[in-house]
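Below is one structure, written out as structure tokens, with a few remarks after it.
The values are calculated or read from the model by the stated rules, or taken from the named source; none is laboratory data. All of these numbers come straight from a predicted model, not from anything done at the bench. Neighbour counts run over all protein chains shown; Cβ positions are idealised from the backbone, glycine included. Keep in mind that these areas ignore ligands, DNA and RNA; they rest on the heavy atoms of the full protein, side chains included. Shrake-Rupley method; radii C 1.70, N 1.55, O 1.52, S 1.80 Å.
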Amino acid sequence: MRPDQLDLITSVDVPTLTPDGSRLVAGTCHPDLTTDGYTGQLWVVSTDGSAPPRRLTRGYRDAGARLSPDGSTVAFLRHPAPDNTPGASSAPQLALIPLDGGEACTVTDRLLGVTGFNWSPDSRWIVFTSPEPEDGRYGTVAGVGPGAEDPRRVTGPDHRMNGEGYTADKPSCLFELEVPDAGDEPVFPARGRKADAPDLPPLVPQARRLTGPEREATEPVYAADSRHVFFTTTPATGFGRDLRTAVAVVQSHTGEPHDTGEPHGQGAGPVRLVAGGTSVPRGFFSPCVSRNGEWLYLLGQELGESGLDFVAANAAVYAVPAPAAVHDAAEGWDRPSPRLVPRRLTDPETMNCSGGSLQPSGEDKVLALSETRGRTVLVRVSPQGRPEVLVEHRGEVIGVSEAGGILAVSHTTEDSPGRVGVQQSGSGLVELFDPNRAWVSGVGTAAAREREYGGGPDQPSVHGWVFVPRGPGPHPVILNIHGGPYSQYTWSWFDETQVLVAAGYAVVMCNPRGSNGYGAAHGAAIRGRFGTVDRQDLLAFLDGALTEFGPEGTDELDAGRLGIQGGSYGGYMTAWITAHDHRFTAAIVERGYLDPVSALGSSDIGWFFSPQYLGSGLEDLYRQSPLHHVDQVDTPTLVMHSEEDLRCPLEHAQRYYHALWSRGVESELVVFPGENHELSRAGTPWHRRARFEHILRWWDRHLAR
């Protein structure tokens, strides 16, 4: 593909099935260069293929669909169209629409929007999460904008998040509303003589807050009785000094009329601890209740006594009896009742179930997504454990829903960025809906050549892929390095690879030690030694590709024209390698984690990332700092960064670029205004297109014939 075809890429949401499994609803989303935003709607698909997919909604961006348990109503998040009017809201709100069609009805008007929700089993209630702004901030006082707000008082290191800005002054809280009757007459804003009349009906149903702002509350799910809500929270008050999360429970409604919205109002009981705690060496999250109501499934991670030991801490599936979780949950945040001990069902040393949220399966089982060797596979786990792989293919499972004996799966493949398929017991995955089929078949797809290179007494073989352009070689080669470091390149269709290959560049990419998907020991191998075994693996894979496909092999790759690029940790490794290996013609360092020392205070994760991965001593940090070794770089380098990047702050790029420029190394700095660390994945479409154009311009200058 070309950069100007960016708006063709369509992703697919997690599907949701009707109770009988006959229909599913899934959302799509694609970049829109006209509005410089992302647009998409919900689609209804017959699972037997008897009817073509039908567009259900026509909002600017409708996403996150969940069917009510009775199958009658779809709840979803509706994002407003971009509006240049000052003060216009861009926050998504909760909306409802009958499955059989009709107009969507918005049922919330939260200032900062709705971030997640879930239905009660009886289809009468919806619990949702929404940021609760501190008084005086985020438009809660008319005429007081961001620059006029009171000063912020920070008491802990965890107070900002890339893409969100400050977080401690807008914690996520739980709210509950009773689902309105779809046949009720709509309510409209009063105007004229009635504008100030007392006792006007509310424009949206009144929601009651279930949790206060002292702790974050996310990922809510109802218990089988529809009157208790399990959710993920932080056991420490406010934004703490470790990474522990916990699962708690709160009683929701009592069947009595809702109150005015005060926390723990009429019928809302105290928040009680189910799993995790301030003295527990692991964190729990992603609660999921089995359909028979007997089991509460959780994901859990070992974090050590400090609560910070996150490196290669794979997520495992745990279970506790759900009725006991309601009955025996403890008041207090130190540790849960001794009667509630989550039982681990999967092995975190070999399986990482962090690919997505848990979903119920059958009457008593659960579905999890596990990342392994360039794939994300679908696993079913029983209360006794015994994980069973249900879907495994060249790509990644994104989301899943099961009902009526049907398994609906949204996923990516090596030739599609988004599809929906279904699977019945004993059958394979049958594709139902691929919004990318027409345009991908028109432009073609660069085929991956899966390889393993390296290996030896002190080095495992390195797994990865080689992409070679069409036409006669030898082609210039780009070594592309993923971020993380605990992530993985996969079989999935990847826009960056497709753009580079279409422009005539061979792409070499692999998962060195430190990557996800190959076991916890493989992921932890670079702890305290960034730039050692990971560099060894990356260059071993490149050398293997050049041996097989270079001048001594098939002569498809040009060993004399080598580029190297990467973002985040990949930017770190690009800068590190060019300081220690001078074979590369040119480099691109993007959103790099270039100074672990300054990141301790300037990065949103620096307070725990640098000490846990690189060490706490200044000597350790300097030894592994690309900025500290920049005087060894003589490779022409393009440095790209975003102004609002809080993960790897802009000053990393500015200082690195200035160090290159002051020494006379050919270099450029490209800065994207208004963007954060997620530019390449979720930045505005025009900036994502411009990013590709700058990348191709740089490589055309240094690598093209």
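Yes or no: Thr18 more than 23 Å from the chain's Cα centre (by Cα) and farther than 18 Å from His411 by Cβ? In short, yes. When restricted to residues that are touching a Pro at 6+ places or on another chain (Cβ under 8 Å) and hydroxyl-bearing (Ser, Thr, Tyr), the stretch 193-242 contains 4. Scanning the stretch 278-306 for residues that are open to solvent by 10 Å² or more (accessible area, probe 1.4 Å) and either within 17 Å of Thr346 (Cα to Cα) or part of a strand (DSSP E or B) (or both) yields Arg282, Phe285, Pro287, Val289, Trp295, Gln301, Glu302.
If only residues of the stretch 66-100 that are under 22 Å from the mean Cα position of the chain (by Cα) and assigned to a loop (DSSP other than H, G, I, E, B) are counted, the one that is modelled with the highest pLDDT is Pro92. Listed conditions (1) touching a residue at least 40 places away in the same chain (Cβ under 8 Å); (2) open to solvent by 40 Å² or more (accessible area, probe 1.4 Å); (3) aliphatic (A, V, I, L, M); (4) over 26 Å from Asn676 (Cα atoms) are all met by Ala207, apart from (2).
Taking the conditions (1) among the acidic types (Asp, Glu); (2) farther than 23 Å from Leu273 by Cβ; (3) buried (at least 17 other Cβ atoms within 10 Å of the Cβ) in turn, Asp309 satisfies each one other than (2). Yes or no: Ala275 more than 25 Å from Pro131 (Cα to Cα), open to solvent by less than 60 Å² (accessible area, probe 1.4 Å) and of a type in the set (A, V, I, L, M, F, W, C)? For Ala275, the condition - more than 25 Å from Pro131 (Cα to Cα), open to solvent by less than 60 Å² (accessible area, probe 1.4 Å) and of a type in the set (A, V, I, L, M, F, W, C) - is not met.
I'm checking my understanding of the structure. Among residues of the stretch 201-241 that are of a type in the set (Lys, Arg) and in a loop (DSSP other than H, G, I, E, B), which one is farthest from Trp119 (Cα to Cα)? So, considering only residues that are of a type in the set (Lys, Arg) and in a loop (DSSP other than H, G, I, E, B), the one farthest from Trp119 (Cα to Cα) is Arg241.
Checked against (1) exposed (fewer than 15 other Cβ atoms within 10 Å of the Cβ); (2) within 22 Å of Glu164 (Cα to Cα), Gly102 passes all but condition (2). The residues of the stretch 101-135 that are part of a loop (DSSP other than H, G, I, E, B) and within 24 Å of the chain's Cα centre (by Cα), listed by number, are Arg110, Leu111, Leu112, Gly113, Val114, Thr115, Glu132, Pro133. Of the listed requirements (1) more than 28 Å from His393 (Cα to Cα); (2) in a loop (DSSP other than H, G, I, E, B); (3) open to solvent by 10 Å² or more (accessible area, probe 1.4 Å), Gly560 misses just one: (2).
Thr108 falls short of the stated requirement of being within 27 Å of Phe230 (Cβ to Cβ) and in contact with a Lys or Arg (Cβ under 6 Å, 6 or more places away or on another chain). Is it true that some residue in the stretch 599-607 is within 15 Å of Val311 (Cβ to Cβ) and either small (Gly, Ala, Ser) or not in a helix (DSSP H, G or I) (or both)? Yes, there is a match, as at least one residue in the stretch 599-607 is within 15 Å of Val311 (Cβ to Cβ) and either small (Gly, Ala, Ser) or not in a helix (DSSP H, G or I) (or both).
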